[in-house]
Amino acid sequence: MAGPPGMTSVPKKRAPRLAAGRARALGMPTRGTTNPNRLRRVDRWILGTPWVAGAVRDAAEPVVIDLGYGATPVTTVELADRLRPLHPALRVVGLEIDPDRVAAGKAVADPPALEFRRGGFELAGLAAGIRDFPGPALVRAFNVLRQYSEAEAWKYWDELCARLGPDGLLVEGTCDEIGRRCCWVVLDRGGPLTFTVACLPSDLEKPSDLAERLPKTLIHRNVPGEKVHAMLAELDACWATAVPMAPFGPRARWAHAVRLFADRGWPVLDRHRRWRLGELTVPWSTVAPDR
């Protein structure tokens, strides 16, 4: 699988052999907050980003896991509907630790295309190395790691990446309750690859408002001297410079601000079409903290 344009490949970690059979669900139940269309921005980005969509489209066993879908299964159902054009044999599996949430999912299941299981970070028997299963093509984990410490978030990144398929990807991030402010990281078996912010530009006073939705590995690093703080500060400066575009609407202003950001030498990986959607993707190295 090709990685994001302009990036060299990262050496891949060897997936560990895990014991066969039903493992204990690993992790803690989330608050469960969810809403229809809450994750539409990340789903749209997955479909519109060729190297990410390709992880599903080119998979020999196209299994996509929605980890920690919340009190209702609506966002997992939406994920299955949105990704279905990528592969005729697509299987989407929603995982939750709370048995009542799993029962709610099973009420709307449509196996094998859409299933629900009790499981957590161990991936409920769908990890690489279990019964010769190659591992999932994609894992989406949103609003799952916020309740953990930063050290635990790094640990679970490592564990989830080790359980991916050979070309599988983990999309891990956070968004607000109605999906207007989002940040996420894409990882493969070798670790983090890219960092994305996505928003409804009319909902922002300035780009650094997105700081409250940074992934757990970054949210405590938004302080002077850290890369993610420098990136958000530069975006704020570009947003201020782009104020003459305000009469054309917040989307036009956001796109112009991102163009200024790129012109100032920041390594932007996407193009104007994505900027108009309120998005911006950079290599992970742009924001990576020292561990």
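Values in this text are rule-based calculations from the coordinates and carry no lab data. Nothing here was measured: the structure is a model prediction, and the numbers come from that model. Cβ coordinates were reconstructed from backbone atoms using ideal geometry, including for glycine residues, and neighbour counts include every protein chain displayed.
Remark: region 151-156, residue by residue, has Karplus-estimated 3J(HN,Hα) of 4, 5, 4, 4, 4, 6 Hz, where x stands for each Gly or Pro and the curve is 6.51 cos²θ - 1.76 cosθ + 1.60 at θ = phi - 60°.
How long are the three semi-axes of the equivalent ellipsoid for region 169-243, computed from the Cα gyration tensor as the root of 5 times each eigenvalue, in whole Å, largest first? Here the semi-axes work out to 21, 15, 11 Å.
Taking all Cα-Cα distances within region 217-267, those exceeding 14 Å account for 53%. Counting only the backbone N, which residues of region 33-53 are under 20 Å from the spot 7 Å out from the Cα of residue 100 toward its beta-carbon? Answer for this model: 33-36. On the basis of the beta-carbon distance and an R0 of 45 Å, residue 276 and residue 26 show a calculated FRET efficiency of 0.70. Which log10 I(q)/I(0) values does the chain give at q = 0.07, 0.14, 0.15 Å⁻¹ under the Debye formula, counting every alpha carbon as one identical point scatterer? Debye intensities relative to I(0), on a log10 scale: -0.24, -1.00, -1.14. What the phi angles of region 137-142 give under the Karplus curve with 6.51, -1.76 and 1.60, with θ = phi - 60°, is a coupling list of 6, 8, 10, 9, 10, 10 Hz, glycine and proline written as x. Along its principal axes, region 85-146 has C-alpha extents of 29, 25, 23 angstrom, given from the largest down.
Suppose R0 equals 45 Å; then what is the FRET efficiency for residue 230 and residue 60 from their Cβ-Cβ distance, rounded to the nearest 0.05? That gives a FRET efficiency of 0.65. In this structure, the amide hydrogen of residue 139, modeled 1.01 Å from its nitrogen in the peptide plane, lies closer than 5 angstrom to those of 65, 169, 170, 171, counting only residues at least 5 positions away or on a different chain. The order of the peptides 167-176, 219-228, 250-259 by mean Cβ neighbours within 10 Å, most packed first, is 167-176, 250-259, 219-228.
Can you pull out the cysteines in the chain that have no other Cys Cβ under 4.7 Å? Lacking a cysteine Cβ partner under 4.7 Å: 161, 183, 199, 238. The protection proxy used here, the mean number of other Cβ atoms lying within 10 Å of each residue, ranks peptides 133-144, 114-125 as follows, highest first: 133-144, 114-125.
Expressed in Å, the radius of gyration and Dmax of the Cα atoms of region 79-199 are 14.5, 41. Once the chain from residue 149 to residue 251 is taken as fully extended at 0.36 nm per residue, the excess over their C-alpha distance is 33.3 nm.
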